[in-house]
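The values are calculated or read from the model by the stated rules, or taken from the named source; none is laboratory data. Worth saying up front: this structure is predicted, and the values here are computed from it rather than measured. Glycine gets a Cβ as well: all are built from the backbone with ideal geometry, and neighbour counts include every protein chain shown. Heads up: the accessible areas ignore ligands, DNA and RNA and are worked out on the full protein's heavy atoms, side chains in. Shrake-Rupley method; radii C 1.70, N 1.55, O 1.52, S 1.80 Å.
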Amino acid sequence: MVKPRTNDAAVEAFCPKTRLRFLYADVSATARRLAKAHGDSPAAAAILGKVLAGTAAATIDFNEPGERLVVAANVKGPLGGWRAEISGEGFLTGSLQEHDPESLRNAGDGADEWCGPGAAAKATRLREDGTIRSQVSFECKGGAPESVYAALFCSAVPTRLRLVCTMFDGEIDRARALALQLVHEGSRRAFKRVEKLFDDGTVADTLAFDATLPTLREILGVEDLVTGPTRAIAFGCTCSEKRFLDAYAALPRETLEGMLRPLRPREERCHLCGRRYTITPEQLVQVLQSKTETK
Ligand SMILES: [Zn+2]
């Protein structure tokens, strides 16, 4: 996959003196593109932007080539949940479930109302060959993306997290994440001081406008903040025509024959990225034939 050039990136930052660790992600362009592809309403897009920012920030520790992270959440609110996927190369995709669009229309604009009072989530790290490297399942209070990703980070080390998604003209403007972590031998005092800025809205305000390194140093009061390598992030989905054909091949013979009967091309849509695929009756016949041959 060729990565289109945007400013989307995930980066780790560190204070050598206090050993505070920060994770920062900006996924604005990718989130804007995905929300458009899914036809998300502004309220839904604002939730998707946060989901994607949180997912991107969670991959900063990836070190194996070909590694992937899948975060799937079921929330108690009318939204239903979401699924997001990112590769170690920085290809990001994801979508909301929007189970019940009718009740969503009446649910107001807030993520809290859409997501409800809690969530059950699962984060899976996969190797290149698709085998599971590690998996955490957890339940959390509050179904909004910020609660879910904070719980995910806190399952490893104490973390404060802010996810921000601002809208402009009905489109995503900025989708960003900043996490503060207390790693081994980090200063608790410094953590407590910076933590307050996560709680009082300072960090959220900064992320919504200017999140450059000099600004973050000043706002957070961490003059010695230095950044590590930056991982470029871009939209990228692992879906393909072959994936759909492989999925067809796994279906029972009778189901496939039933699908073939109208003799019309079938429209398939990737639920993660919204891309459409047309599968022709000839391709279906081929799938059926290869099924017979392998028997
Ligand atoms: Zn896709």
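Before moving on, here are some points about what is shown:
- Identity of the residue in the range 10-69, of a type in the set (Val, Ile, Thr) and assigned to a helix (DSSP H, G or I), that ends up farthest from VAL194 (Cα to Cα): THR30
- Evaluating GLY201 against the criteria (1) among the small types (Gly, Ala, Ser); (2) free of Cβ contacts under 8 Å to residues at least 24 places away in the same chain; (3) farther than 28 Å from ALA46 by Cα leaves one unmet condition, (3).
- Test: residue in the range 46-69 that is surrounded by fewer than 21 Cβ atoms within 10 Å (Cβ to Cβ), within 26 Å of GLU171 (Cα to Cα), in contact (Cβ under 8 Å) with a residue 12 or more places away in the chain and in contact with a strand residue (DSSP E or B) (Cβ under 6 Å, 6 or more places away or on another chain): no
- Residue match in the range 184-197 (condition: of a type in the set (Val, Ile, Thr) and open to solvent by 10 Å² or more (accessible area, probe 1.4 Å)): no
- Residue check for ALA123: assigned to a strand (DSSP E or B) and touching a Pro at 6+ places or on another chain (Cβ under 9 Å): no
- Restricting the range 225-278 to residues that are in a strand (DSSP E or B) and within 15 Å of the ligand (Cβ to nearest atom), the residue that is surrounded by the most Cβ atoms within 10 Å (Cβ to Cβ): PHE235
- Residue check for GLU218: assigned by TED's automatic domain parsing to the domain that holds VAL157 and either within 16 Å of the ligand (Cβ to nearest atom) or touching a strand residue (DSSP E or B) at 6+ places or on another chain (Cβ under 7 Å) (or both): no
- For the range 95-122, the set of residues classified as modelled with pLDDT of 85 or more, farther than 20 Å from ILE233 by Cβ and surrounded by 21 or more Cβ atoms within 10 Å (Cβ to Cβ) consists of TRP114, CYS115, ALA119, ALA121, listed by residue number.
- Of the criteria (1) surrounded by 16 or more Cβ atoms within 10 Å (Cβ to Cβ); (2) among the small types (Gly, Ala, Ser); (3) touching an Asp or Glu at 6+ places or on another chain (Cβ under 9 Å), which one ALA204 fails: (3)
- Among residues of the range 75-84, those that are under 23 Å from GLY236 (Cα atoms) and open to solvent by 10 Å² or more (accessible area, probe 1.4 Å), counted: 1
- Among the candidates LEU180, LEU92, residue that is assigned to a strand (DSSP E or B), farther than 26 Å from GLY236 by Cα and of a type outside the set (Asp, Glu): LEU180
- Residue that is more than 30 Å from THR93 (Cα to Cα) and open to solvent by less than 80 Å² (accessible area, probe 1.4 Å), where the choices are VAL222, VAL287: VAL222
- The range 154-179, subset of a type in the set (Val, Ile, Thr) and open to solvent by 30 Å² or more (accessible area, probe 1.4 Å), residue nearest to the chain's Cα centre (by Cα): THR166
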